[in-house]
Each structure stands twice: as structure tokens, then as C-alpha cells.
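Encoded as C-alpha cells, the structure appears first; notes follow it.
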Amino acid sequence: MMEKKYKDEIDHCVNMIERCNKAHVELNKHHTEAMKYYEANELDLGEKAGLSKTVIPTLSDAINWAMPLMMEIFAANEETYYIKPRGGEDVGKAEKLNSLIDYQLKVKNSWFIFCHDWIQDAMISRVGFAKWQWYKDIRKLKKKYKDLTLEEMSEKVNMSGAEVVRHAEREIQKSVVNELGIEVSPAIKSHDIELQFTIEDEYPLVEAISRENIGVLSDIKNIKDTEFICHKLTYSKGQFIKKFGKAALAKVDKFKEDFEKGLNTSDVEYERFKNVGGVEFIYDEKNKKYIVYECYYDNVETGVPWITKLIGSEVIVSEENEYEYPPFEAIAVFRQAHKLIGYSFHDLLKKFQELSTALMRNLLNNIYMNNQGRYLVDASGRVNLDDFKNNNVPGGYIRVSSGGLSDAVESIVPPQLQPWAFELYERVERIIEYRSGIPRAYKGVDVGTLNKTFRGQSQQIYQASQIIKMMARLIGEMGFVPLIKDMIRINQKFLQKKTAMRLLNEDITILPDDVIGQYDAIINVGIGTNNKDMVVMQMQQLLGIFKMIKEAQLPVITAQNVYFALGELIKAMGFKNKSDFITDPKFVSAVQELVQVLMQLAPMLAQSGIPIPPELSGALQKVMSNIGMSGMPGKQSKSDNAPKNIERPAAPLNPMEGRQPMNPSLAGDGNGRFG
């Protein structure tokens, strides 16, 4: 029997799960069929037995070629998105927040696998689901130490997060006591300890959820506005006990047993659970897994966002949803207007996979008929039919009772393949390219392309890539932008400790207060963004124009203009840290001003009797050399304005001068010695 306290809650959740199951009947059928076409192991087109059963993998070809493009855009691109502050006061915080979310998603999570599974689900199943949550990772690490001194043991025990699990001591040398009973030398002991360290980590966890494990109504527009959504979770017996305890398991097993026997269950309750699968709603007998439904909805009495975790009639968790809305996002590769669930590659290519498979089978059947054709055979017994049928191999023989084969066997010649058959097959392949947006030029196998030049082929690929770019933009706007906004919100709400990371050779520390502010997430892929190869070419052309303007001595180009152009060029080339390659002219100008001020202060210091140390002098000259100012190291300045109190380092010896020992002069000193 279900607890009265949770009766209304359970009734509501089970009723909504039943509605979701009915709404997913067509979606489940589509998914099963799509997987069959994707795997391309068999395809029944109604042919007779004995004919070709080959299957053209049109669907898997399109998806497997589209996936690398999507992964290049979303998983390998460092600038798929960026976080933009709404106010100028949050610019610095936005940069830190961007670095934090990059670190959390791409380092703490399996970002590449997540993107792959999420996008591939959408390509096959019309919709792909992702779940996010604030994850607390608490690990216990045990470590043993042996032969420690008392001081070393004290140092280990006082380490942060350390807890002594075991301690043993051994006496290495006994204490020495004199005749008066006074300890002259204390005993020397060695300590063995075992410590347990508690390592805690918190970050947003993202994972792709297979479509069959999500229950949602199919007529919704946005996943955040859905009336109800549930996540089907499965646990082994050990996992269930670890997660929810033995008491919960005992109640579930009791309900399962009673339901199977029809005991302690009302007729209404029995019918309710029977409509959602009966015992299969609770336990997966095939995989030996317990099934828990994690339901998100607005409480029917208070309207407060709520979470209910139930298995059968047992409510494991019933609490307010601290995320404020369901922690899920969804994407579709081909959007259906005003609906969450869109179209898949299977919807676009199903008929064409059947058509291309039927054409290929007919082509192969014709070849088979030419090589292993049909024959008219004299049935009077002149030809041994067993030899004729089974001994048709090189070196084989056919026994004939009388006469020859010329009048006993006659071949039925099949019609030759017509050129239009190959043209039709090629036409179908072209239509598939147009429908999927994956031209053969992407695959490097389009030998019949009309554009033989690099520019022509690039233009052809660019035109064909519009569907891919549209798809990428749609995935970005539907899924990745909302996901980044979710990451911003849960960091603002749950981040409680400072996070340290290393990015672009710099140590970055982010405090919980650093993420507070108003921000927007901007997608930077697909239609509406520039192609990187095109940007590289345009920046190179722009730098060439800058050169011509400089030669014409037109005062319209500054060092800052060139710096920005080079920065965009370096970024488009894929290098994120442009400071490794170029230096901001503003920084150079600031250093020059600093050096000039120091040089002007030098005479004043000289008048006060304060000499400038040679180390500072050398450092200044090195800086002046690096930024192109006069006063190179090792050379005396000819300027009368040079400060007199700078103690310049001694000039290095010139190895080419004859006075040096390795190259003695040949002039004698009058005493018979040279050099």
C-alpha cells in the first residue's frame, strides 16, 4: 500500500508518466526504425529469396560525416561561446566566469563524449537530451607512512583534511638512565601511521541522456516550460542500497512481491501501476536493475517547483527543486517550428536509403545473372544435374550420357545494364547530398566534381555547408546557449569555495563573489559567423593594404590598428594566447614612459648623491634595447643629457682584439717577450 502522506504525489507522477509513455509511442517506433536503418544490417524491401540483400548505409554515412563537423565546431573549438557582461562593471568578472565555466565543462567533465552523444542522439532520434546538476564529489584517500620521527608524524597529522586511522610505534633505541635514576638520553621511537584524507570537489556535472530514459510530453515548445518531465534511472541492488539504504530496498521488494501476488494492493492502485508496466515499472528482470523515476514538476497544491523520486509506491525523495526548473536541455538538428521535438536525418533520408538500396540490389542482381545465370537444361537425363549445379568450379566436370552440351544446355542471357540505370543511381546520390547537406566533396571522394580548381571546390563546399552551418547554429541556440546560462546560474547559487586553475600559463583564482553579476551567453558558430580560413585570408589582405598605406605615407593607420589586425589573424589561426606572438603597443608605450621618467630622475638623484646601482642600470638598458629605445647595453650614450651617476656595467672584452690571451699581439716589448 502506498503511504497516505504521498498518495496524491504518487498518483500525479504515475498519471503523468503514463501520459508521457502514450505520447512516446510514435517516437519510440521512429527510434527503433532509425537505429535499424543506421546500423544497415538488413532492410526488407519485399524481394524474393536468393536475390541480393545488400544495404546502402545512407543514414549512417550522412551522420558519420556530419558528426566530425559538429565535433570540430562544439568540442574542439575554443570559442564556441563567450560570456558577455551587461554592464561595464562586470567586464573583469565576465572574463573570470568564462574561464571558470570553460574549466568546469571541458576539464571536469568528459566534454567531447558529452557533445558526441548529445548531438548524435538528436541526429538519429529527432531530439537529444542533456542533464545538468551541481555535483559534490567527496573521496576518501587512505595513505600509509612508515618509520617516521615524532616531528615528522606531527607534521603529517596536522595536514589539512587528515584523520588518523591507525598508529603504531616501535622503540628503536632504549632510553639511557644514570646511576641516580635520571634519564640521560630519551628512547628513540619510530612511528607508523595510516591517514585518511577527505578530498572534496564541487562543479556542474553534465551528461547526455538517452531518449528512451526521458519522459516528456511531445507538444511542448521549451523544456523549461514543460508541465512534467521525468528521468528514468536504473540501479543494481548494491547501487540502490548505497544510494537509498537497506530500509528503502526492503519496502520496494515488499511492494514488488505483493504486486506480483495481488496482495495489499487496492484495485485502483493495481490498475494504475499495471497501466505503466506493472512489475516492469519497478524492476528490470532482464538486466536485474531497480527502476527509479526522478520527476520534476510544479507542486499541484503550492505551485512550487518540486522533485519526487519514486520507485513503485515508495517515495524516496520529495523536496523543493532548488534549481527552480527542470535541469535538462534538448536539441534538434532540424527544428520543427513551435515544437521541442524536431526532425532527424532518418526523416529526411529514409526513402532515399530504400531507393538507393533497391537500385544497388538490382545492379548487383544483374551482375550475378551474367556471372551465374539461368539455363535451359534437357530433363531427359542426358545431363547429370547434380554435376551441373554443384560442380560449377574451375577444373570441375559435368557428366553427359550421350551427345554434347551444345544441344542439351542453353543459357538464358539477361538484358545488359543500360546507361540510364547508372545515371539514375548517380541522381539519387545527388539528391541525398542536397537533403543531408553532406556533399561527397566533404569526404574527398567526389571524383566527378565540375570544379577542378581549389577555389572552385572551396566555393562548392561553402555552398553545400549552409545546411551544416544552419544545423550548428540551431544546436547552439537551442542547447548550448541555454546550457551555458544554466552553468552561470548554478555557479552563482552554489559556488562556495574559491577555485584555482591554470590557463594560458597564468594562475587564476576565482572567488564565489567573482561570479555575481548579470551576463549573457553568446553563441559563435554556424550561420552568422565568419569562416576561420576566410578570416585568415582577409586579415592577410588587410595587412597588405596597411603596408601600401604606410608606403603612401597616409596618416590613417596606427600601431594599435595593426595590433588588432594581427590579433584577429592569430586567433583565426587557432592560437588563443596572442601575447606569445605580439605585444600591445599600449604596453610598450607605458614602458617607454616609465624608462624616460627614470632617466629624468637620474640627474636629480645624482645631485642628491644617490648613485643608481649597476643592476638597475643594466636592467634599464636591456628594457630600452627590447623596446627599441636608444642606449644599447655595452655602449656609451653620446647624448649630453645622459645621467652621469649611472654606474654602467663594464663593457665585455672584444674577442677579436689582439691584446687578449687567445690572440696575442706580435709586437715585442724589447725584452724578448711578445703579447
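Considering every pair of different Cα atoms, what Kirkwood radius, in Å, is found for the range 190-300?
17.5 Å
So how compact is the range 279-342: Cα radius of gyration and Dmax in angstrom?
Cα only, the range 279-342: 15.7, 41 Å (Rg, Dmax).
Please go through the residue pairs 246/286; 36/339; 7/232 and name each one whose alpha carbons sit more than 24 Å apart in this structure.
With Cα atoms farther than 24 Å apart: 36/339.
Can you run the Rg to Rh ratio on the range 148-229? Use alpha carbon positions and the Kirkwood inverse-distance Rh.
Rg divided by Rh gives 1.57.
Applying a 10 Å radius around every beta-carbon, put 326-338, 40-52 in order of their mean neighbour count, most first.
Final packing ranking: 326-338, 40-52.
Can you give the translational diffusion coefficient of the range 459-597 in µm²/s, computed by Stokes-Einstein from the Kirkwood radius over Cα pairs at 20 °C and 1.002 mPa s?
This corresponds to a translational diffusion coefficient of 111 µm²/s.
Could you list which residues have their amide H under 5 Å from that of residue 282, counting only those 5 or more apart in sequence or on another chain, with H placed in the peptide plane?
Under 5 Å from the amide H of residue 282: no residue qualifies.
Per residue, how much accessible area does the chain have with a 1.4 Å probe, in Å²?
For the chain, the per-residue accessible area is 60 Å².
Using a Förster radius of 35 Å, what is the FRET efficiency between residue 246 and residue 134 based on their Cβ-Cβ separation? Nearest 0.05, please.
Efficiency at R0 = 35 Å is approximately 0.80.
State to the nearest 20 debye the size of the charge dipole of the chain about its Cα centre, where the only charges are +1 on K and R beta carbons and -1 on D and E beta carbons.
On the way: 85 positive and 90 negative charges, 277 e Å.
Dipole about the Cα centre, nearest 20: 1340 debye.
Go ahead and collect, in residue order, the members of the range 580-618 whose backbone nitrogen is under 14 Å from a label point 7 Å along the Cα-Cβ direction of residue 559.
Once the point is set 7 Å along Cα→Cβ of residue 559, 582-596 turn out to lie under 14 Å by backbone N, inside the range 580-618.
Compute the normalised compactness of the range 515-621: alpha-carbon radius of gyration over 2.2 N^0.38 Å, N being the residue count.
Scaled against compact globular proteins, the figure is 1.66.
When you count, for each residue, the other Cβ atoms within 10 Å and take the mean per peptide, how do 59-68, 270-279 rank with the highest first?
Working: 59-68: 19.3, 270-279: 15.2.
Packing order, densest peptide first, comes out as 59-68, 270-279.
For the range 36-180, evaluate the Debye formula with one uniform point scatterer on each Cα (no solvent term) and list log10 I(q)/I(0) at q = 0.11, 0.15, 0.22 Å⁻¹, rounded to two decimals.
Here the Debye-derived log intensity ratios amount to -0.78, -0.99, -1.34.
Which percent of the Cα-Cα distances in the range 491-556 go past 19 Å? Don't skip to the end; give the middle numbers.
Numbers: 1440 of 2145 pairs.
So the portion of pairs separated by more than 19 Å is 67 percent.
Using bins 10 angstrom wide from zero, how does P(r) for the range 247-391 break down, in % of all Cα pairs?
Going from the shortest bin to the longest, the percentages are 8, 18, 17, 16, 11, 10, 11, 6, 2, 0.
For an R0 of 22 angstrom, estimate the FRET efficiency from the Cβ-Cβ distance between residue 7 and residue 253 and round to the nearest 0.05.
The value I calculate is 0.55.
Once every DSSP H run of n ≥ 4 in the chain is given -39500 (n - 2.57) and the sum is divided by its residues, what mean residue ellipticity at 222 nm do you get, rounded to the nearest 500 deg cm²/dmol? List each step's numbers first, then the result.
Numbers: 20 runs with 277 residues, N = 675.
So the helix-based figure for the chain works out to -13000 deg cm²/dmol.
Hey, what's the per residue convex hull volume over the C-alpha atoms of the range 16-98, in cubic angstrom?
178 Å³
Stick to Cα atoms and the Kirkwood definition of Rh, then tell me Rg/Rh for the chain.
1.15
Considering every Cα-Cα pair within the range 379-439, what fraction, in whole percent, is farther apart than 14 Å?
Distances greater than 14 Å cover 72 percent of the Cα pairs.
Please identify the DSSP H helices in the chain that span no less than 30 Å along the helix axis (Cα) and have a mean Kyte-Doolittle hydropathy of -1.0 or more. Can you show the working numbers first?
On the way: long enough: 345-371 (37 Å, -0.29); 585-607 (34 Å, 0.81).
Sorted by number, the helices that extend far enough and score high enough are 345-371, 585-607.
Grab the beta carbon distance between residue 386 and residue 47, set R0 = 30 Å, and tell me the FRET efficiency rounded to 0.05.
The value I calculate is 0.60.
So, in nm, how far is label residue 76 from label residue 212 when the simple model puts each one 7 Å beyond its Cα toward the Cβ?
3.2 nm
Sort 122-135, 599-612 by packing, meaning the average of other beta carbons within 10 Å per residue, with the highest value first.
The packing order, highest mean first, is 122-135, 599-612.
Using +1 at the Cβ of each Lys and Arg and -1 at the Cβ of each Asp and Glu in the range 280-422, identify which of 318, 385, 418 lies farthest towards the dipole's positive end.
385
Determine the principal axes of the Cα atoms in the range 566-619, then give the extent along each, sorted from largest to smallest and rounded to whole angstroms.
Principal-axis extents of the range 566-619 (Cα, largest first): 55, 19, 10 Å.
The values are calculated or read from the model by the stated rules, or taken from the named source; none is laboratory data. Quantities reported herein were computed from a predicted structural model and do not represent experimental measurements. Don't worry about glycine lacking a Cβ; one is built from the backbone with ideal geometry, like all the others, and counts go over all protein chains shown. Areas reflect the complete protein model, heavy atoms only, side chains present, ligands, DNA and RNA absent. Shrake-Rupley method; radii C 1.70, N 1.55, O 1.52, S 1.80 Å.
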